[in-house]
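Okay, structure first, notes after.
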Amino acid sequence: MTAHRGRKRSYTYEALFTVFQIAAIEGFGELLVSDAAQVLVRLTPSQRETLGIKHQWSYDLVEQAVAELGAAFKERIDPTTGEVHDPRLSVTLAEFMTSMASDFIPSQIPQSDTQAIDSTDYEAHARRRSWKHLMKADIPEDSLLELDALGGEAPKNEKGWPRIGDDGRYQHTIDPDARDGYRAGKNRNRKGVFRGWDLHLSVDVPDLGGDARPGLIRGASLVPAGTYKAQGGLSLVDAMIAADRKPLTILVDRGYTYLGTGQWARPVWARGIEQVLDLHTTQRGTRPGPIPGTIFVDGGLYKDTLPKDLRSLGGFSLGMSAEAKALLAEQDDRRKYHAFTPMGAPNYERATQRYRDPVLSGTMRCANHPASLRLDAARYPQTQCVEGEPCYCGTTVTLGPDDLLNLRQRVLYGTTKWKASYGRRSAVESTNACAKVHHARLTRHSTRVLGTERNGILLSFILAAVNASILLTRYGYDVGDPPQVADDEVIEPLPSARPTKALHRQRKFSRPRRAQAPPGPAHTGPPATPWVTVKRTAKSPGKRSVKTK
């Protein structure tokens, strides 16, 4: 970003980033270019000297710096020759956002090997000028099935709108990159279509069976709304790999895993990452296995001895009680005796995994394998094989990329162990709430610039402010005055306060009492609420001074 011609810059990007971070912390989820310019006005001479600022910055200078930085992420086209040049920056926008949001987290708070990934909506500042196709989100046809968000007739479009953007999709605002996407209903808000971007986040989750852990943001990426979830998710994963923070396992929802094998599952395997996933209704069911005597059920490989009543158990749905979920998990646990088990680590390059027959793994009995007959007959099921006759028990199977790679996972779907592992994905939902409610107010108008790159730059500082707040409140770690901690020491979260009931359970919905009247002579009229004392002054009998309690 250093210019080789012309006058030398009067600022450094380090100083610019510091000013933006101050404005982001003060803004509580809002970061405007004008706020950064105001921070510069308030700096003392010594603070300016510390940042290396020699001249007064204007609003135009700060805005120009953000515009130049945003343009540095894009390819450049020579207007005279039409030649396409590489971006001026060697890092992607996702790598920039990941570094800015999380690089300051101390090494004494290690990143969890398992990360929860999800996307949340970020609405564009520019207003909508056309409503074409508002009845349905502008998303790829093979994305996760969603119901039409709105009903009725759409308002009339403004003249000249919608336009066709550079990507061939409808553009409904003056922002060249904001697109229509689907937003799930939350907090009693109905499902709907929004215009803007999908913000993908990766956060820490607790270890299996471990204590709760704050969901620090470890990675971020921003793509126009309605873009393939795989594009935003993979750019996020690649940014974490570039930052040497590659996760071993990711917890993802059906927005990612519903996509085709070549769009999500295969690229994730190619990066050497396993995933724990939920299954859509259309993904569950029974399918033929790769060899005789085997079947696929809900993405897992089983022997065809699996009882009929265990082949279609359904999935976990919203609104299910804890008792119903536990009962369903117990039924899924009964499948494990008939299941093939993974052997060692998978071959990520070839997308293959070896599996061991349940007779070999010691969960089923077979008459042709005397060692298995030593298992307890009351607990372990037995195959229908006849002693001395050929059978398919005691074999190993290698599954390749064409064998339901998009549905396979190390832990069998629906079991108690899977439920405990996948349940940790709620950590990213909590972090979304931290960014939008608890530690910031990330919502529409939080940034008021145009374009994916400029919004991504400003959003990275807001996410950093969220991380700084979580570090302070959950770890007692002040990034402005970090404590002296040894390199090999691990900073643990502060002990949680005594559990309390939810706020809506603490409230008593009773009729409020009327305020008591002041002591004085009895009167027959109704009590005044609130009561008012009227006192006439001696100097101006015609005027009154009113005191309200």
Point to revise | Flag if Q21 is surrounded by 19 or more Cβ atoms within 10 Å (Cβ to Cβ) and either outside the structural domain of D177 (by TED's automatic domain parsing) or not β-branched (V, I, T) (or both) | key: yes
Exercise for review: Report the residue count in the stretch 51-86 for those that are touching an Asp or Glu at 6+ places or on another chain (Cβ under 6 Å) and either surrounded by fewer than 18 Cβ atoms within 10 Å (Cβ to Cβ) or without any contact (Cβ under 8 Å) to a residue 24 or more places away in the chain (or both).
Suggested key: 1
Study note, to complete from the structure: Filtering the stretch 165-182 down to residues that are of a type in the set (D, E), over 18 Å from G70 (Cα atoms) and crowded, with 22+ Cβ neighbours inside 10 Å yields D180
Review point. Can you find a residue in the stretch 355-377 that is touching a Ser or Thr at 6+ places or on another chain (Cβ under 7 Å), under 21 Å from G299 (Cα atoms) and charged (D, E, K, R)?
Key: yes
Review point. Can you tell me which residue in the stretch 340-365 is nearest to Q382 (Cα to Cα), limited to those that are among the aliphatic types (A, V, I, L, M) and surrounded by 15 or more Cβ atoms within 10 Å (Cβ to Cβ)?
Key: M364
Study note, to complete from the structure: Taking the stretch 444-495 and keeping residues under 18 Å from D121 (Cβ atoms) and touching a strand residue (DSSP E or B) at 6+ places or on another chain (Cβ under 9 Å) leaves R444, H445, S446, T447, T452, N455, G456, L459, S460, L463, V466
Exercise for review: Report yes if L360 is more than 42 Å from the chain's Cα centre (by Cα) and either within 30 Å of R474 (Cα to Cα) or not in a loop (DSSP other than H, G, I, E, B) (or both), otherwise no.
Suggested key: no
Check your understanding: Looking at (1) farther than 23 Å from D204 by Cβ; (2) acidic (D, E); (3) not assigned by TED's automatic domain parsing to the domain that holds Q38, which is the only condition E68 fails?
Key -> (3)
Revision key, fill the gap. Here the residues within the stretch 437-458 that are assigned to a helix (DSSP H, G or I) and either over 19 Å from V203 (Cα atoms) or at pLDDT 95 or above (or both) are T452, E453, R454, N455, G456, I457, L458
Review point. Which ones in the stretch 56-87 are basic (K, R) and modelled with pLDDT under 90?
Key: R76
Check your understanding: Which residues, taken from the stretch 338-390, are out of contact with any Phe, Trp or Tyr (no Cβ under 8 Å at 6 or more places or on another chain) and basic (K, R)?
Key -> R350, R354, R374, R379
Review point. So how many residues does the stretch 331-349 have that are out of contact with any strand residue (DSSP E or B) (no Cβ under 8 Å at 6 or more places or on another chain) and part of a loop (DSSP other than H, G, I, E, B)?
Key: 3
Review point. Within the stretch 13-35, can one find any residue that is more than 22 Å from T447 (Cβ to Cβ) and without any contact (Cβ under 8 Å) to a residue 40 or more places away in the chain?
Key: no
Exercise for review: Only one of these is closer than 26 Å to G209 by Cβ, aliphatic (A, V, I, L, M) and modelled with pLDDT of 95 or more: A101, A94, A116. Name it.
Suggested key: A116
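Let's see how each residue does on (1) of a type in the set (S, T, N, Q); (2) modelled with pLDDT of 95 or more:
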site: A371; (1), (2): no, no
site: R374; (1), (2): no, no
site: R408; (1), (2): no, no
site: G414; (1), (2): no, no
site: S426; (1), (2): yes, no
site: S460; (1), (2): yes, yes
site: A464; (1), (2): no, yes
Practice item. Tell me, yes or no, whether the stretch 268-279 has at least one residue that is closer than 30 Å to G451 by Cβ and surrounded by fewer than 17 Cβ atoms within 10 Å (Cβ to Cβ). Key: yes
Review point. Looking at L471, L450, L463, L442, which one is closer than 30 Å to Q21 by Cβ, crowded, with 21+ Cβ neighbours inside 10 Å and in the same structural domain as L216 (by TED's automatic domain parsing)?
Key: L442
Review point. List pairs: first in the stretch 327-354 and on the phi > 0 side of the Ramachandran plot, second aromatic (F, W, Y) and in a helix (DSSP H, G or I), Cβ under 6 Å, 6+ apart or cross-chain?
Key: A351/W269
Review point. Quick one: would you say Q384 is crowded, with 17+ Cβ neighbours inside 10 Å and not assigned by TED's automatic domain parsing to the domain that holds R266?
Key: no
Review point. Does the stretch 250-260 contain any residue that is assigned by TED's automatic domain parsing to the domain that holds T396, of a type outside the set (S, T, Y) and in contact with a helix residue (DSSP H, G or I) (Cβ under 8 Å, 6 or more places away or on another chain)?
Key: no
Revision key, fill the gap. Checked against (1) surrounded by 16 or more Cβ atoms within 10 Å (Cβ to Cβ); (2) under 19 Å from P307 (Cα atoms); (3) among the basic types (K, R), R379 satisfies every condition except (1)
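The values are calculated or read from the model by the stated rules, or taken from the named source; none is laboratory data. This structure is a prediction, so every number in the text was calculated from the model and none was measured. Glycine also receives a Cβ, built like all others from the backbone with ideal geometry; neighbour counts cover every protein chain displayed.
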